[in-house]
Structures are given as structure tokens and as C-alpha cells.
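A quick write-up on the structure given underneath.
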Protein chains: 2
Amino acid sequence: MGDGTPRFLAACRGQATDATPVWLMRQAGRYMSEYRALRQKYSILEMIKSPELACEVTMQPINAFDLDAAIVFADILPPLECLGLSLEFIKGEGPVIHNPIRTSQDIENLTEADPAEGLWFTLDAIKMIRRELDPRGIPLIGFSGAPFTLASYAIEGGASRNYELTKTMMMGEPEMWARLMTKLSDLVGKYLLAQANAGAQALQMFDSWVGALSPDDYRAFVQPYSKRAIEIAATAGVPIIHFGTDTNGMLEEIQAAGGDVIGVDWKIDLDVAWQRLGTEQPIQGNLDPLSLLAPWDALKERAAKVLDRAAAVKPDRAGHIFNLGHGIIKTTPVDNVKRLVDFIHEYTGQ
Amino acid sequence: MGDGTPRFLAACRGQATDATPVWLMRQAGRYMSEYRALRQKYSILEMIKSPELACEVTMQPINAFDLDAAIVFADILPPLECLGLSLEFIKGEGPVIHNPIRTSQDIENLTEADPAEGLWFTLDAIKMIRRELDPRGIPLIGFSGAPFTLASYAIEGGASRNYELTKTMMMGEPEMWARLMTKLSDLVGKYLLAQANAGAQALQMFDSWVGALSPDDYRAFVQPYSKRAIEIAATAGVPIIHFGTDTNGMLEEIQAAGGDVIGVDWKIDLDVAWQRLGTEQPIQGNLDPLSLLAPWDALKERAAKVLDRAAAVKPDRAGHIFNLGHGIIKTTPVDNVKRLVDFIHEYTGQ
């Protein structure tokens, strides 16, 4: 960039860049041997709650690949601990909440810790990571789960197939739902804001499970709270990426809830999504993460297609951030990640 | 109907009806005590493979509710047994294929039994059910899994989160994939055709897991085979419903593969889907199955919204078949099913 703005941040503002910026959701993770080595010694929560370890893990993919942004190593669920929920990652089972929210009294009993205190470790990690990244001119992304995704974990007590308890509360106890979602939107908004204040130069709100809803239920029971969280976070003035999966029947509703950049999954042609959102809307996506398991030629072809679809909407691809449509999976070959990141820059560079 | 055509079949042809027809995916199932009583004595495969039991189970919801169509009790997976795959439903785990397809040799080794022979039990069940239904003027739907959904089970060996093995073969071994999908499209087409020849008055092809793909991969690796299966089945001359989930980023691609009726999940407004498909396209859907767990007023409101959205596209709702966006779940209260079915008729009846 002429003015020294990193590509990623320029693209978040819809500006043209010298090459398409690229980062990968869950880029710090189990597919990297450096990460696995640390995980042999520490649990996920230990790594998240130690700023030094979180910093080290955040930097692993930055040191290995020519990525245009780092994302702080954390998880979408620790904010729930600020409400007094007891979170554990159980091997082979994933995250579990030991005291899930089931009754009105459970909601009354929630504590309201300031995320700046309750999640001090991620904020400290952000400060530490910035000292590593700044000399290299690479921006740092902070993030949080969105209110609905946090609610679904808090109510189900873990991952869920049908979101049975969540939807039962949402549809059957709308006032209870509103009380819970108000607390969560406050928490998410304040947590994102605190991350920006600590030094995050962009923020991503992950509404990973919101695609389980009908658009009508999204509008009535989620959109106001996502909007509220984004509004609180937006006071920091850093760009916000609003991401969901399985939302291709309601992309416009996700967009209406706010965010400077809309993240899309791989289940829609990028050009179709961009046209629906409007070409002035910065957009992030949208390679199938499983493409990274394919031989390089097949992966390259699929990555090129995403970039070609971006160029079909805007020849200079201004406002497109290349990413996967969801997190990178653990069996991904590291070599494919390296080649992919380099290819994005080569293919789009001037 | 003046000409005696059942509502459901008239709607499949896009004709106006005296009320909106309604049936529910997986309407014969564990939410009914009559079904659970039989399941205490028989396994799922025993019930499917006994025409008498399959007939009995098929009729359970027909006897309990004012449904406009029956669907033969069967499963999407038994066709795989015609290829020599060994299928078992394991309690708590779901379907398992004991000899999944992993290599080119595995594909060579597949047998090619005629589905009319290999799946004789479902064809016999269809003949038996027709004798029960005909006096009541209720049509019978036959069905099959679609080639991609069958391929994913055959390759993964069971349910899957990421379809890692399936996509690895599809992306990395396209010739192998083509051989497998050709066999599967043949099998699916012939099986659907055999069901129509046995007496099924409509057919549904379930591509339950195809929503895991990008539209580009769908077009290249699935659409030709779904089209081929539908073309074979269509020679019977009965209407074909083409259903997928999480396909709202590529509804038009599903439609282009064929089918007289397009089934949509609940993650899109019905009017938006109908406009995208064109108002002459008969459409089936699209209530969130979880709505049935809600109190009646909340359920009614959601059902009315689906019907209102249908009327927003076509005031007479010609060509709309009311259904859930996916299968009914086992914790559904029977009373809600009864009230829902009656409400659909009352709300839309003249």
C-alpha cells in the first residue's frame, strides 16, 4: 500500500490492494506440528489462559506462512465463564458446560463479570502479540462467538445436532430468551470492544451455529442481539467481520445485523453472494476447507475459482478477503497451506 | 378435486387445490407410540424388510392424522446392499457400512444387483400399502437416497461431520468418483423406477447431505448423476420431488438437475425460494421441524407464516406442498402433529 495500511485492513474498508489478503480461520491449530507439540503439554484452556502460550500459538502460522493477518489464539466459549458457567474441553467430546442454562432462575443466577477482567488473559495476549506483529506490519484480529452461538452452547451444555433445548426456549419462552440474549449481547459487545482497546486491529464475530434457524426466527430472536453486540464493539472504530455458516438463505439478514465485512461459507458461489450483498460490501471467503486435503492442482483450481468469482464482480477485487468458508481441519497438510497462501498473492498480485 | 385427483398429486403438477396438501418427512417414526411399540420387537432393517411390518408402520401416521400422502416405510441406505455393501443400524450410533468403499478395487468389486430383486421387500410393501390407501384416496410416495448422499455413506462408512473421505476421493480421484457415481445414479434411477412400477404414485429423491458441497463441486461432481437418476426414474411418468438440505446457496443447481417438485429446508423464506426457482415450479416445504416442539400458538404462528409466504408468491398457493424442512424429530408431541395437519387444511381451505 502506498500509505502503509496493511492489505487486510485496507480490504476491510473496501479499498483496492496490491494483492488479495488472505488468512485462514483456525489457522493456529492441530494441523501444525508446532501446535500439537504444545498440546501434548497443555490443555486448550491452559493455552488460552496463558498469554505467553496464546502468543506463541498465534505466531506459529504467521512464522510458517505469508499470512496477511493473525488472529489471537482463543476460543468462542470462554466468555461464558464470565457469566458463571463452568466450561471444560473434554477429549474426544469437545466443549462441555457443566451447569447449562435451563430455567429462568438459571438466567437470574448468571453473574455479570466485566469481560475486561474475566478474560484478562486474552487481552494480555493481544498486547503481547502486537509487540511481535507490529515490526512485521501484520494486523491482529480479535474475536468472539455471537450471542446465538453462545446461547446455544450455554443452553445445550455442549455441541448439538438439532438445538432442541435452545429452540424450545427460544420459541416457547420468548421473554426468558430475550433476557438471556440481552446479557449475551452485552457480554459479546463488551468483550469485542475490550479486545480492540487492548490492541486488536479488527474483530470477528462468529455466529457459527445460527444457520440452524429459519430467517423469520433469526429476525425475531437473534438479529437485534447480534446488532446490539456489533454496535457496542463498533465504538472502538476497528473493522468488524460478521461470519456465519449455513446462512445462505438469509445472508441479507446477517448483513442487516451489521459488520464491516460479511464472512460467507463455501456453499454459495462467491460472486452470487457478493451480488446479493451489494458490491460495496466487503466480503470474506469462501474456499471449502476440505479443498486443502486435495492434491495441489485440485486445490489450486478451486482457489483460483474463488478469486475469479471475486474478479467477476469487481475486476480489482477491492474488498475481498480470501479465507476458508469455515475453520481449517486438523488433517490438512501443512504444505498445501503454504502453497495456497502464496498462490493467492501470486494470482492476484500486480 | 373435481376430477378426483388427490390434492397432493395435483399440487405436484402445479395445479390449484381446495386446500394445501401436507405430509411430513419421516412421518412414520419414533415420535409415535405405535412405532416405538413395534421397534421394541423388531430392528429397523427387520421392519423395512418385512412388507407386512413396513405396511403397518407406513399406515400408522395415516390412521392418526389427516395427511395427504403416505410415504413407504424404508430408509435411504438399503439400496447400498444391492452393491454388496454390508449395512447395519447400530443403536446409538446410526447406520454403519462394514465394508466401505475406499479404493478403485472396492468400486470394481461392487455387485450390480437389480434393485427390483435386491429391494423386493420395499416393492412388495408398496403393493400392499396401495391396497390400504386406494379406498381412502391417499397417494403413496416411494423414495431413495440420491447418488451423492449414498456415496458419502458408502465411502465414510457411516454418518460424517466433514465428509473428509468422500471429498478426498471426489477432489483427488475424479475418475474413480465418476465410476462410483455412475453406478449409484443407475441404482437410484432404477430403484425409483421400480417403486413407481410397483405402485408408488410419486417419488422423492433425498440428497440429504449434498449441502456439504460448494456449488462448483456440485455442478461438476454431482449434478450430472442426480440428473441421470431422475431421468431414469422419470420414464415412469409419476412426479418426482427433489429434496436437499443446506442447499440455499445453490437451489437453482438442484432444480437444474431435475424433478417436478423442489423440496427446500427451513433456512430460507419460502417466498424467496419460490421466487428464485420461478413461480411455475412446484415447491415443497418448509417449516423448521423443531417448531413442533413449541407450544401450539408458537407452532401455529410459524406454520401460518409458511402458508402466508406461499400466498405472497401465488394467492391460490397452486404448486405448494406443505412439509417440514427436514425429518420430524423423535421428541415431537403427537398432539402438535395432529393440530398442525388440521391447521394447514383449515387455514388454506375454501
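The values are calculated or read from the model by the stated rules, or taken from the named source; none is laboratory data. No experiment lies behind these values; they were computed from the predicted model shown. Reconstructed Cβ throughout: ideal geometry from the backbone, glycine too, with neighbour counts over all protein chains shown. Surface areas here come from the heavy atoms of the whole protein model, side chains and all, with no ligands, DNA or RNA. Shrake-Rupley method; radii C 1.70, N 1.55, O 1.52, S 1.80 Å.
Tell me, what is the per residue accessible area of the protein assembly as shown in Å², probe radius 1.4 Å?
35
Averaging the inverse of every distinct alpha carbon separation and then flipping it gives the Kirkwood radius. What is it for chain A, in angstrom units?
About 20.3 Å, per the Kirkwood formula over Cα pairs.
Using unit Cβ charges (K, R positive; D, E negative) and no other charged atoms, how large, in debye to the nearest 20, is the dipole of segment B:96-144 about its Cα centre?
The dipole magnitude comes to about 340 debye.
Show the residues, 5+ positions off or on another chain, whose built amide H is closer than 5 Å to the amide H of A:Ile71.
A:Ile141
Can you list the distances in nanometres, one decimal and ascending, from the B:Thr5 label point to the identical position in each other copy, with the point 7 Å along Cα to Cβ?
Ordered by increasing distance: 5.9 nm.
Any idea which of A:Leu45, A:Thr17, A:Gln27 is furthest toward the positive side of the dipole for segment A:1-64, if Lys and Arg beta-carbons carry +1 and Asp and Glu beta-carbons -1?
A:Leu45
Spelling out what I want: for every residue of segment A:186-203, take phi, set θ = phi - 60°, compute 6.51 cos²θ - 1.76 cosθ + 1.60 (Karplus), and round to whole Hz; glycine and proline get x.
Result, ordered by residue: 4, 4, 5, x, 5, 5, 4, 4, 4, 5, 5, 4, 7, x, 5, 8, 7, 9 Hz.
If you average the C-alpha positions of segment A:99-165 and of segment A:8-39 separately, how far apart do those two centres end up, in angstrom?
20
Given H placed on each backbone N at 1.01 Å, which residues far from B:Asp207 in sequence or on other chains put an amide H within less than 5 Å of it?
Under 5 Å from the amide H of B:Asp207: B:Ala146, B:Phe243, B:Gly244.
Could you look at chain B and say what percent of its accessible area is carbon and sulfur, using a 1.4 Å probe and all protein chains?
48
Can you give me the solvent accessible area of A:Ser291 with a 1.4 Å probe, rounded to the nearest 10 Å²?
0
Between their Cα atoms, which of B:Lys190/B:Lys227; A:Lys49/A:Lys167; A:Lys267/B:Lys167; A:Lys300/B:Lys183 are more than 20 Å away from each other?
A:Lys49/A:Lys167; A:Lys300/B:Lys183
Across peptide A:323-329, how many C-beta atoms of other chains are within 10 Å of each residue C-beta, on average?
Going residue by residue through A:323-329 and averaging, the value is 1.
Would you be so kind as to list the residues of segment A:251-276 that have their accessible area lowered by at least 30 Å² in the full protein complex compared with their chain by itself (1.4 Å probe)?
Those residues are A:Trp266, A:Lys267, A:Asp269.
With a 1.4 Å probe and every protein chain left in place, tell me how much accessible area B:Glu280 has, in Å² to the nearest 10.
140
In nm, what does the list of distances from B:Pro174 to its counterparts in the other copies look like, shortest first, when each label sits 7 Å along Cα to Cβ?
Ordered by distance, the counterparts are at 5.1 nm.
Which residues of segment B:145-175 show a drop of at least 20 Å² in accessible area when all protein chains are present, compared with their chain alone (probe radius 1.4 Å, heavy atoms only, ligands and nucleic acids excluded)?
B:Arg161, B:Asn162, B:Glu164, B:Lys167, B:Thr168, B:Met171, B:Gly172
Just to confirm the numbers: B:Ser160, label point 7 angstrom along the Cα-Cβ line, distances to the other copies in nm, shortest first?
Ordered by increasing distance: 2.7 nm.
How large is ³J(HN,Hα), in whole Hz, for each residue of segment B:37-46 in order, when computed from phi with the Karplus curve 6.51 cos²θ - 1.76 cosθ + 1.60 and θ = phi - 60°, using x for Gly and Pro?
The phi angles translate into 4, 5, 5, 5, 9, 10, 7, 4, 5, 4 Hz.
Please state the charge dipole magnitude for segment B:1-134, taken about the Cα centre, from unit charges on C-beta atoms (+1 on K and R, -1 on D and E), reported in debye and rounded to the nearest 20.
440
Residue by residue through segment B:107-118, which ³J(HN,Hα) values in whole Hz follow from phi under the Karplus form 6.51 cos²θ - 1.76 cosθ + 1.60 (θ = phi - 60°), with glycine and proline marked x?
Using θ = phi - 60°, the values come out as 6, 4, 6, 4, 7, 10, 5, 5, x, 5, 8, x Hz.
With +1 assigned to the C-beta of every Lys and Arg and -1 to the C-beta of every Asp and Glu, and no other charges, what is the dipole magnitude of the protein assembly as shown about the Cα centre in debye, to the nearest 20?
Using Cβ point charges on Lys, Arg, Asp and Glu, the protein assembly as shown gives about 340 debye.
Quick check on chain B: of the DSSP beta bridges with both residues there, what percent are antiparallel, nearest 5%?
The antiparallel fraction comes to roughly 20 percent.
Residue farthest toward the positive end of the dipole of the protein assembly as shown, with Cβ of Lys/Arg at +1 and Asp/Glu at -1: which of B:Leu87, A:Leu150, B:Ala220?
Of the candidates, B:Leu87 comes out farthest on the positive side.
Quick one: buried accessible area between A and B, total over both chains, 1.4 angstrom probe, nearest 100 Å²?
Using a 1.4 Å probe, the pair buries roughly 2900 Å².
Most fluctuating residue of A:Pro289, A:Pro79, A:Pro333 in a GNM of chain A with Cα springs under 10 Å: which is it?
Evaluated over chain A, the most mobile residue of the options is A:Pro333.
What residues have an amide H closer than 5 Å to that of B:Gly14, excluding those fewer than 5 places away on the same chain, when H is modeled at 1.01 Å from N in the peptide plane?
Residues meeting the criterion, in which the H sits 1.01 Å from N, are B:Gly319.
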